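Notes follow once the structure below has been shown.
The values are calculated or read from the model by the stated rules, or taken from the named source; none is laboratory data. Since we're looking at a predicted model, the values are computed, not measured. Cβ placement follows ideal geometry from the backbone for every residue including glycine, while neighbour counts extend to all protein chains displayed. We work out accessible area using only protein heavy atoms, side chains counted, and drop any ligands, DNA or RNA first. Shrake-Rupley method; radii C 1.70, N 1.55, O 1.52, S 1.80 Å.
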Amino acid sequence: MKNRTETIQAVKKRYEDLLSILDERGRRLFAAAEARALGRGGPYIVEEATGIARSTIIRGMNELKAGASLDLGRRRKKGGGRKKKLSITPRS
């Protein structure tokens, strides 16, 4: 197995290569998949390589484990995001 520094550099390179095309969820799942592949200590190494918080990486690992998915074309779960102005303050 590579030493720790080489592993961090390899993860960092892959992350930088994909960063421009990944959204928030994609970054989280990428980091989670890398951490799972590394095994014990994986979240710590990925955190150091990417700057993504360990809690976010672990949340992504839980999503991968659960097999959770969104509808195609959606970025957030149904009901997520800001409410429409009319639903907050109805017209009189």
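A few remarks follow.
- Scanning the stretch 20-37 for residues that are modelled with pLDDT under 95 and either of a type in the set (Ser, Thr, Tyr) or over 11 Å from the mean Cα position of the chain (by Cα) (or both) yields 20, 21.
- Output for the stretch 29-50, where each listed residue is within 16 Å of residue 4 (Cα to Cα) and either of a type in the set (A, V, I, L, M) or outside any helix (DSSP H, G or I) (or both): 35, 37, 38, 39, 40, 41, 45, 46, 49
- Restricted to the stretch 17-28, and to residues there that are open to solvent by 40 Å² or more (accessible area, probe 1.4 Å) and assigned to a helix (DSSP H, G or I), the residue that is nearest to residue 63 (Cα to Cα) is 25.
- Pair list, Cβ under 9 Å, 6 or more apart: the stretch 40-55 residue more than 16 Å from residue 13 (Cα to Cα), other residue open to solvent by 30 Å² or more (accessible area, probe 1.4 Å) and assigned to a loop (DSSP other than H, G, I, E, B): none
- For the stretch 38-58, residues that are open to solvent by 100 Å² or more (accessible area, probe 1.4 Å) and at pLDDT below 95 total 1.
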